[in-house]
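Colleague: I have a structure I would like to understand better, so I am pasting it below and will then ask my questions one at a time.
The values are calculated or read from the model by the stated rules, or taken from the named source; none is laboratory data. Predicted model, so just to flag it, every value in this text is computed and none were measured. Using ideal geometry, Cβ is built from the backbone for each residue, glycine included, and neighbour counts are taken over all protein chains shown. For accessibility, only protein heavy atoms count, side chains too; no ligands or nucleic acids. Shrake-Rupley method; radii C 1.70, N 1.55, O 1.52, S 1.80 Å.
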Amino acid sequence: PADGSGPPRPFLQTPFTEQGGSVSPDGRWIVYTSDESGRDEAYVQSFPVPGHKYQLTTEGCAGARFSPNGREILVLSTDSQSVSAADVLESGTSFRASTPRVLFRLPGPTSGLEVTNDGRRFLATLPVGRSADPSITVTLDWKADLQAQR
(Lines give C-alpha, C1' and ligand atoms only; values in the text may rest on other atoms or scores of the structure.)
Protein backbone atom coordinates (compact mmCIF):
# COMPACT_ATOMS: atom_id res chain seq x y z
CA PRO A 1 0.00 0.00 0.00
CA ALA A 2 1.28 3.46 -0.95
CA ASP A 3 0.02 4.90 2.35
CA GLY A 4 2.26 2.53 4.34
CA SER A 5 -0.68 0.77 5.98
CA GLY A 6 0.78 -2.67 5.41
CA PRO A 7 3.77 -4.59 4.10
CA PRO A 8 4.72 -4.26 0.42
CA ARG A 9 3.09 -6.79 -1.88
CA PRO A 10 3.57 -7.53 -5.58
CA PHE A 11 1.37 -5.72 -8.05
CA LEU A 12 1.57 -8.58 -10.57
CA GLN A 13 2.71 -12.17 -10.15
CA THR A 14 2.83 -13.99 -13.48
CA PRO A 15 5.19 -16.47 -15.12
CA PHE A 16 6.29 -13.66 -17.46
CA THR A 17 8.83 -10.86 -17.07
CA GLU A 18 7.12 -7.53 -16.41
CA GLN A 19 9.27 -4.43 -16.01
CA GLY A 20 9.55 -0.68 -16.34
CA GLY A 21 6.23 0.36 -14.81
CA SER A 22 5.06 3.97 -15.19
CA VAL A 23 1.95 5.10 -13.32
CA SER A 24 -0.34 7.60 -15.02
CA PRO A 25 -0.44 11.10 -13.47
CA ASP A 26 -3.99 10.45 -12.20
CA GLY A 27 -2.83 7.21 -10.52
CA ARG A 28 -5.46 5.02 -12.24
CA TRP A 29 -3.33 3.18 -14.82
CA ILE A 30 0.15 1.70 -15.18
CA VAL A 31 2.04 1.03 -18.41
CA TYR A 32 4.77 -1.60 -18.39
CA THR A 33 6.51 -4.08 -20.67
CA SER A 34 5.87 -7.82 -20.56
CA ASP A 35 7.18 -10.74 -22.59
CA GLU A 36 3.92 -12.70 -22.31
CA SER A 37 3.44 -12.58 -26.11
CA GLY A 38 6.92 -14.01 -26.72
CA ARG A 39 8.61 -10.61 -27.00
CA ASP A 40 8.52 -7.40 -24.99
CA GLU A 41 5.33 -5.42 -25.64
CA ALA A 42 3.75 -2.48 -23.80
CA TYR A 43 0.63 -3.15 -21.75
CA VAL A 44 -1.63 -0.78 -19.81
CA GLN A 45 -3.42 -2.10 -16.74
CA SER A 46 -5.67 -0.64 -14.06
CA PHE A 47 -3.85 0.56 -10.94
CA PRO A 48 -3.48 0.14 -7.98
CA VAL A 49 -5.64 -2.99 -8.33
CA PRO A 50 -4.75 -5.02 -11.43
CA GLY A 51 -7.66 -6.03 -13.58
CA HIS A 52 -8.42 -4.42 -16.91
CA LYS A 53 -5.38 -4.93 -19.19
CA TYR A 54 -4.82 -3.56 -22.69
CA GLN A 55 -1.98 -4.36 -25.10
CA LEU A 56 -0.59 -1.10 -26.49
CA THR A 57 2.11 -2.30 -28.93
CA THR A 58 2.25 -5.17 -31.39
CA GLU A 59 5.70 -4.68 -32.94
CA GLY A 60 7.71 -4.99 -29.72
CA CYS A 61 9.16 -2.24 -27.53
CA ALA A 62 12.10 -1.56 -25.22
CA GLY A 63 10.03 0.50 -22.79
CA ALA A 64 7.02 2.76 -22.33
CA ARG A 65 5.94 5.53 -19.96
CA PHE A 66 3.17 8.03 -19.50
CA SER A 67 3.91 11.60 -20.57
CA PRO A 68 3.90 14.12 -17.70
CA ASN A 69 0.40 15.35 -18.63
CA GLY A 70 -0.96 11.79 -19.05
CA ARG A 71 -2.37 12.47 -22.51
CA GLU A 72 0.22 10.31 -24.30
CA ILE A 73 2.22 7.18 -23.72
CA LEU A 74 5.77 7.36 -25.00
CA VAL A 75 7.19 4.14 -26.45
CA LEU A 76 10.83 3.31 -27.15
CA SER A 77 11.36 0.90 -30.05
CA THR A 78 13.10 -2.45 -29.69
CA ASP A 79 16.29 -1.02 -31.24
CA SER A 80 16.13 1.86 -28.69
CA GLN A 81 16.34 4.41 -31.52
CA SER A 82 12.72 5.37 -32.33
CA VAL A 83 10.43 7.23 -29.95
CA SER A 84 6.70 6.87 -30.62
CA ALA A 85 3.62 8.26 -28.91
CA ALA A 86 0.15 6.81 -28.46
CA ASP A 87 -2.61 9.31 -27.67
CA VAL A 88 -4.61 8.39 -24.58
CA LEU A 89 -8.20 8.63 -25.81
CA GLU A 90 -9.99 7.39 -22.70
CA SER A 91 -8.63 6.78 -19.20
CA GLY A 92 -11.59 6.80 -16.84
CA THR A 93 -13.00 3.45 -15.78
CA SER A 94 -11.84 1.95 -19.09
CA PHE A 95 -8.77 2.68 -21.18
CA ARG A 96 -8.32 3.39 -24.87
CA ALA A 97 -5.30 4.67 -26.80
CA SER A 98 -4.38 5.26 -30.42
CA THR A 99 -1.84 3.17 -32.28
CA PRO A 100 1.65 4.53 -31.49
CA ARG A 101 3.04 6.89 -34.16
CA VAL A 102 6.75 7.65 -34.60
CA LEU A 103 7.74 11.05 -33.19
CA PHE A 104 11.46 10.94 -34.02
CA ARG A 105 14.52 8.72 -34.43
CA LEU A 106 17.63 9.05 -32.32
CA PRO A 107 21.13 9.03 -33.87
CA GLY A 108 22.00 5.91 -31.87
CA PRO A 109 20.55 3.56 -29.28
CA THR A 110 19.68 5.17 -25.95
CA SER A 111 20.03 3.73 -22.50
CA GLY A 112 17.82 6.41 -20.96
CA LEU A 113 15.12 8.82 -22.08
CA GLU A 114 13.44 11.62 -20.14
CA VAL A 115 10.82 14.16 -21.15
CA THR A 116 10.31 17.63 -19.71
CA ASN A 117 7.16 18.40 -17.71
CA ASP A 118 5.68 20.35 -20.62
CA GLY A 119 6.36 17.40 -22.97
CA ARG A 120 8.20 19.59 -25.48
CA ARG A 121 11.78 18.43 -24.96
CA PHE A 122 13.50 15.09 -24.57
CA LEU A 123 16.82 14.19 -22.99
CA ALA A 124 18.42 10.97 -24.19
CA THR A 125 21.58 9.20 -23.10
CA LEU A 126 23.54 8.36 -26.25
CA PRO A 127 26.98 6.80 -26.79
CA VAL A 128 29.82 9.23 -27.51
CA GLY A 129 31.84 8.74 -30.68
CA ARG A 130 31.86 5.67 -32.84
CA SER A 131 31.16 2.44 -31.04
CA ALA A 132 33.38 -0.55 -31.57
CA ASP A 133 32.21 -3.11 -34.08
CA PRO A 134 30.58 -6.01 -32.30
CA SER A 135 32.76 -9.10 -32.08
CA ILE A 136 32.34 -12.71 -31.08
CA THR A 137 35.06 -14.86 -29.56
CA VAL A 138 34.80 -18.57 -30.26
CA THR A 139 36.86 -20.86 -28.06
CA LEU A 140 37.57 -24.30 -29.50
CA ASP A 141 38.57 -27.15 -27.24
CA TRP A 142 37.46 -25.18 -24.19
CA LYS A 143 37.60 -28.25 -21.97
CA ALA A 144 41.38 -28.50 -22.47
CA ASP A 145 41.75 -24.78 -21.65
CA LEU A 146 39.71 -25.28 -18.49
CA GLN A 147 41.82 -28.25 -17.38
CA ALA A 148 45.05 -26.34 -18.11
CA GLN A 149 43.88 -23.56 -15.75
CA ARG A 150 43.47 -25.99 -12.83
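Colleague: How large is the accessible surface per residue of the chain, computed with a 1.4 Å probe and reported in Å² as a whole number?
Modeller: Value for the chain: 68 Å² per residue.
Colleague: Roughly speaking, what is the stretch gain from Arg96 to Asn69, that is 0.36 nm per residue apart minus the C-alpha to C-alpha distance, in nm to one decimal?
Modeller: Answer, rounded to one decimal: 8.1 nm.
Colleague: If you don't mind, there's one more thing I want to ask. Give the shape of region 12-106 as rounded, prolate or oblate, defined through the alpha-carbon gyration tensor: a ≥ b ≥ c are the square roots of its eigenvalues, a/c under 1.5 means rounded, and otherwise the shape is prolate if a/b is larger than b/c and oblate if not.
Modeller: oblate
Colleague: For q = 0.24 Å⁻¹, what log10 I(q)/I(0) does region 72-150 give under the Debye formula with an equal point scatterer on each alpha carbon and no solvent?
Modeller: Scattering profile of region 72-150, log10 relative to I(0): -1.15.
Colleague: In addition: Measuring from label point to label point, each 7 Å out along Cα→Cβ, what is the Leu89 to Thr125 span in nm?
Modeller: Once both label points are built, they end up 3.5 nm from each other.
Colleague: For region 1-109, which whole percent of the accessible surface, found with a 1.4 angstrom probe, sits on carbon and sulfur atoms?
Modeller: That share works out to 50 percent.
Colleague: I'd like to compare 134-147, 21-34: which one has the highest average count of other Cβ atoms within 10 Å, and what's the full order after that?
Modeller: Ranking the peptides 134-147, 21-34 by packing returns 21-34, 134-147.
Colleague: Let me ask you something else. Enumerate by residue number the GluC sites (Glu not before Pro) in region 1-102 meeting two conditions: DSSP loop (anything except H, G, I, E, B), and at most 14 other Cβ atoms within 10 Å of the site's Cβ.
Modeller: In loop regions of region 1-102 (DSSP not H, G, I, E or B), the sparsely surrounded GluC sites (Glu not before Pro) are Glu59.
Colleague: Follow-up question, since we're still on this one. Given Cβ point charges of +1 (Lys, Arg) and -1 (Asp, Glu) and nothing else, what value in debye, to the nearest 20, does the dipole of the chain about its Cα centre take?
Modeller: Rounded to the nearest 20 debye, it is 180 debye.
Colleague: Additional query: Give me the distance in nm between label points sitting 7 Å out from Cα along the Cα-to-Cβ direction at Trp142 and Arg39, one decimal.
Modeller: Computed distance between label sites Trp142 and Arg39 equals 2.7 nm.
Colleague: Right, another one. For a Förster distance of 30 Å, can you work out the FRET efficiency between the beta-carbons of Arg28 and Ser111, rounded to the nearest 0.05?
Modeller: Efficiency for this residue pair is about 0.50.
Colleague: Let me ask you something else. To the nearest 0.05, what FRET efficiency results for Thr17 and His52 with a Förster distance of 22 Å applied to their C-beta separation?
Modeller: So the FRET efficiency works out to roughly 0.55.
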